[in-house]
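Participant: Before we start, here is the structure in question, set down as structure tokens.
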């Protein structure tokens with residue numbers, strides 16, 4: 001353990017609110033009493049740590065009568081630094097360069113601290129990789145402006161080019177949340193035209209930010225919209241799909257998490273899965289992905305949609 005990590009561990013112990021013995025501190029950081037006392041001196045003299053000793057309890061702690069002490073600056077242990085570096089790589093994998101201007105300096109700082117702590121940042125990037133699939137490109141400047149409008153709580157005037165209708169629609173939107181889903185970004189916003197919450201693929205938005213404050217919707221409403229339906233098609237669940245998976249796919253699906261409110265159980269060698277949903281488009285795609293090792297047991301409407309899709313697909317091969 002290097003000195004930086006020792007300071008971090010010592011700080012954790014002294015911040016616990018109870019006296020910590022010298023023996024416990026030595027066991028925590030794995031050094032001699034002399035080294036711990038040297039670390040105490042540095043923390044007191046250079047960082048202003050209010051370390052005191054209680055003869056009555058036989059332990060060290062931060063003086064509770066002093067202002068709460070925190071280690072200054074960017075102070076993380078090596079594991080946390082690695083986690084940050086991996087997270088940065090994941091974000092860059094989702095949308096190359098999307099957040100580079102904002103997190104580039106942070107990445108350099110994390111790499112520098114990792115190198116000083118004895119962990120090679122180059123090796124982290126070499127050994128741990130992310131692979132984005134079906135990523136749609138978002139203009140970097142547009143994305144940053146959208147983030148700004150969202151965080152500053154400002155309304156936007158937007159033109160949205162819907163893929164399904166292939167039409168250009170003008171909307172005044174009140175941004176509520178940005179969602180990252182399956183390697184792509186979506187804006188959840190209150191739409192004045194529809195007088196309802198709507199979800200927009202960010203790469204299909206062309207917009208200008210207004211000075212008008214946006215309408216805020218309750219977090220409980222937003223959480224319900226995002227979590228209750230299946231996949232990216234937000235909205236309160238109105239139906240429950242009853243699916244039976246056959247082997248070998250049953251073993252895969254049994255380990256997967258499709259929805260927070262899903263219910264699954266084994267029935268002999270098959271796996272039964274109940275999934276709440278509102279709009280079935282994405283659920284249909286998931287079901288088709290498992291054909292022919294899945295059976296739609298209900299509702300009837302969903303079963304019919306899957307049947308029609310399969311018949312249409314089969315017709316393309318005749």
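Participant: Just from the alpha-carbon atoms, what are the Rg and Dmax of the stretch 140-217 in angstroms?
Facilitator: 11.5, 32
Participant: Can you figure out the FRET efficiency of residue 1 with residue 224, using R₀ = 51 Å and their beta-carbon distance, to the nearest 0.05?
Facilitator: 0.65
Participant: Run the quick spin-label model on residue 164 and residue 145: label points 7 Å from Cα toward the beta carbon, then report their separation in nm to one decimal.
Facilitator: Taking the two extended label points, one gets 2.8 nm.
Participant: Also, quick follow-up: Ranked by Cβ crowding within 10 angstrom, fewest neighbours first, how are 185, 252, 258, 266 ordered? Walk me through the intermediate numbers first.
Facilitator: Values: 185 21, 252 13, 258 18, 266 10.
Ranking 185, 252, 258, 266 by Cβ neighbours within 10 Å, fewest first, gives 266, 252, 258, 185.
Participant: Still on this model: If I build a Gaussian network model for the chain, linking alpha-carbon pairs within less than 10 angstrom, which residue out of 174, 134, 224 has the largest mean-square fluctuation?
Facilitator: 134
Participant: Helix-only mean residue ellipticity at 222 nm, the chain, DSSP H runs n ≥ 4 weighted -39,500 (n - 2.57), per residue, nearest 500. What is it?
Facilitator: -12500 deg cm²/dmol
Participant: Pairs of Cα atoms under 8 Å, at least six residues apart: use those to get the relative contact order of the stretch 140-217, whole percent.
Facilitator: With pairs under 8 Å counted, the relative contact order is 33 percent.
Participant: Consider all pairwise Cα distances in the stretch 185-291 and report the whole-number % of them above 19 Å.
Facilitator: Percentage above 19 Å: 54.
Participant: I want to make sure I understand the PRE zone here: with the label point 7 angstrom from the Cα of residue 252 toward its beta carbon, which residues in the stretch 302-318 have backbone N atoms less than 13 Å away?
Facilitator: Once the point is set 7 Å along Cα→Cβ of residue 252, nothing inside the stretch 302-318 turns out to lie under 13 Å by backbone N.
Participant: If each of residue 42 and residue 152 carries a label point 7 Å out from its Cα toward its Cβ, how far apart are those two points in nm?
Facilitator: For residue 42 paired with residue 152, the spin-label model returns 4.3 nm.
Participant: On to the next question. Quick one: length gained pulling residue 55 to residue 238 fully straight, 0.36 nm per residue minus the C-alpha distance? Write out the running numbers ahead of the final one.
Facilitator: Values: separation 183, 0.36 × 183 = 65.88 nm, distance 6.56 nm.
Full-extension gain reported as 59.3 nm.
Participant: Going by C-beta contacts inside 10 Å, put 28, 34 in order with the fewest on the left.
Facilitator: Values: 28 16, 34 8.
Least to most surrounded, the residues fall as 34, 28.
Participant: Additional query: Most fluctuating residue of 182, 204, 163 in a GNM of the chain with Cα springs under 10 Å: which is it?
Facilitator: 163
Participant: Which semi-axis lengths, in whole Å and largest first, follow from the square roots of five times the eigenvalues of the Cα gyration tensor of the chain? Write out the running numbers ahead of the final one.
Facilitator: Values: eigenvalues 493, 156, 83 Å².
Three semi-axes, in Å: 50, 28, 20.
Participant: So, one more: Per q in 0.18 1/Å, what log10 I(q)/I(0) does a Debye calculation on the alpha-carbon atoms of the stretch 3-62 return?
Facilitator: -0.54
Participant: Out of 147, 291, 191, any idea which swings most in a Gaussian network model of the chain, alpha carbons joined below 10 Å?
Facilitator: Judging by the Gaussian network model, the answer is 291.
Participant: Tell me the Kirkwood radius of the stretch 239-315: reciprocal of the mean inverse pair distance over distinct alpha-carbon atoms, in Å.
Facilitator: Taking every pair of different Cα atoms in the stretch 239-315, averaging 1/r and inverting gives 12.6 Å.
Participant: While we're on this one: Which value in nm describes the separation of the simple spin-label points at residue 67 and residue 112, placed 7 Å from the Cα toward the beta carbon?
Facilitator: The modelled label-to-label distance comes out at 2.5 nm.
Participant: Cut-off is 10 Å between beta-carbons; in what order do 209, 138 appear when sorted fewest neighbours first?
Facilitator: 209, 138
Participant: I need the calculated FRET efficiency for the pair residue 265 and residue 180, taking r as the beta carbon distance and R₀ as 35 Å, to the nearest 0.05.
Facilitator: With a Förster radius of 35 Å, E is 0.65.
Coordinate-derived values only; no laboratory data. None of these values were measured; they are calculated from a predicted model. Methodologically, a virtual Cβ is constructed for each residue, glycine included, from the backbone with ideal geometry; neighbour enumeration extends over all protein chains shown.
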